[in-house]
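> Have a look at this one.
Values in this text are rule-based calculations from the coordinates and carry no lab data. Values in this document were obtained by computation on a predicted structure and should not be read as measured data. We place every Cβ from the backbone using ideal geometry, glycine too, and count neighbours over all the protein chains shown.
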Amino acid sequence: MTNSDEIVDIVNEVDEVLCQVPKKEAHEKGLLHRTTISEIIDSQGRWVMVKQSSDRQDAGQYVSPVGGHVRAGETEDDALKREAMEECGLADFKFKFIGKRVFNRDVLNRHENHYFILYEIYSDKEIVINEESESYKLFTEQEIKDALKNTPEVFGAAFHFVVKMFYPRLLS
């Protein structure tokens, strides 16, 4: 099964499952489906941000280091653990659920309609990125605030949404 053949749950705005379809179909039709997103924060309060590869949405911009689809029937916590391993090489970490919000936009010639499920992972372990990212960088909260104010284009649209919805303190 290829990545685009993965089956995802289609949900409504209150996260009730309506049906299941291949991820490719969900993207082609702009159907609302779940995606786990996670910030990784180390013991010094620094945030890990990854710079997206050139073939990805938000190419060349910093985004949350963990983000991926929840497979049909998979728990949100299990999807977080799977994605953290796939995208950052992390296992056996502490995490906290932060919240859920619908994020949709037009990107890469498609309408993305994602039900973001946001977590924070707390880890000092070395990050091992996959092909979806070209590099990573640690940011203090003050560095994120300064960049959001002075050079907002260094961050991708999805991260701007996460900040606006879940971390408004970073905008002050």
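> Using amide H atoms built 1.01 Å from N in the peptide plane, name the residues 5+ places from Gly89, or on other chains, whose amide H lies under 5 Å from its own.
Residues meeting the amide H criterion: Val128.
> Turning to a different aspect of this structure: For an R0 of 41 angstrom, estimate the FRET efficiency from the Cβ-Cβ distance between Arg169 and Met85 and round to the nearest 0.05.
0.90
> OK, next. What aspartates and glutamates does Lys100 reach when the alpha-carbon gap must be under 15 Å and sequence neighbours fewer than 8 apart in one chain are set aside?
In chain and number order, the partners are Glu13, Asp15, Glu16, Glu39, Glu76, Asp77, Glu120.
> If you don't mind, another one. Treat every Asp and Glu Cβ in the chain as -1 and every Lys and Arg Cβ as +1, leave all other atoms uncharged, and give the resulting dipole magnitude about the Cα centre to the nearest 20 debye.
Rounded to the nearest 20 debye, it is 520 debye.
> Here is a further query. On a 0 to 90° scale, report how tilted helix 76-88 is relative to the longest principal axis of the chain, with both axes built from alpha carbons and the result rounded to the nearest 10.
Helix 76-88 and the main axis of the chain meet at about 60 degrees.
> Kindly put Phe166, Phe116 in sequence by how many other C-beta atoms sit within 10 Å of each C-beta, fewest to most.
Phe166, Phe116
> Let me ask you something else. Quick check: from the Cα gyration tensor, does the chain come out rounded (a/c under 1.5), prolate or oblate?
Verdict is prolate for the chain.
> Specify which residue in the list Tyr122, Phe166, Val21 is farthest towards the positive end of the charge dipole of the chain, using unit charges on the beta carbon of Lys, Arg (+1) and Asp, Glu (-1), about the Cα centre.
Positive-most Cα among the choices belongs to Phe166.
> With each run of n ≥ 4 DSSP H residues scored as -39500 (n - 2.57), what mean residue ellipticity at 222 nm is computed for the chain after dividing by its residue count and rounding to the nearest 500 deg cm²/dmol?
Theoretical 222 nm ellipticity from helices: -7000 deg cm²/dmol.
> Ranking Tyr167, Tyr122 by Cβ neighbours within 10 Å, fewest first, what do you get?
Neighbour counts put them in this order, fewest first: Tyr122, Tyr167.
> So what are the ³J(HN,Hα) numbers for the range 117-125, from phi and the Karplus equation (6.51, -1.76, 1.60; θ = phi - 60°), rounded to whole Hz, Gly and Pro as x?
Using θ = phi - 60°, the values come out as 10, 9, 10, 10, 9, 10, 7, 10, 6 Hz.
> Give the distance, in whole Å, between the Cα centre of the range 127-158 and the Cα centre of the range 1-49.
21
> Rounding to the nearest 10 and keeping the result within 0 to 90°, find how far the Cα-based axis of helix 157-166 lies from the longest principal axis of the chain.
Approximately 80 degrees, to the nearest ten.
> Angle between the Cα long axis of helix 141-150 and the longest principal axis of the chain, 0 to 90 degrees, nearest 10?
Once rounded, one gets 80 degrees.
> Taking K and R as +1 and D and E as -1, what net charge do the other residues with C-beta under 14 Å from the C-beta of Leu170 add up to? Can you show the working numbers first?
On the way: positive: Arg46, Lys145, Lys149, Lys164, Arg169; negative: Glu39, Glu120, Glu141, Glu143, Asp146.
Value of the local net charge: 0.
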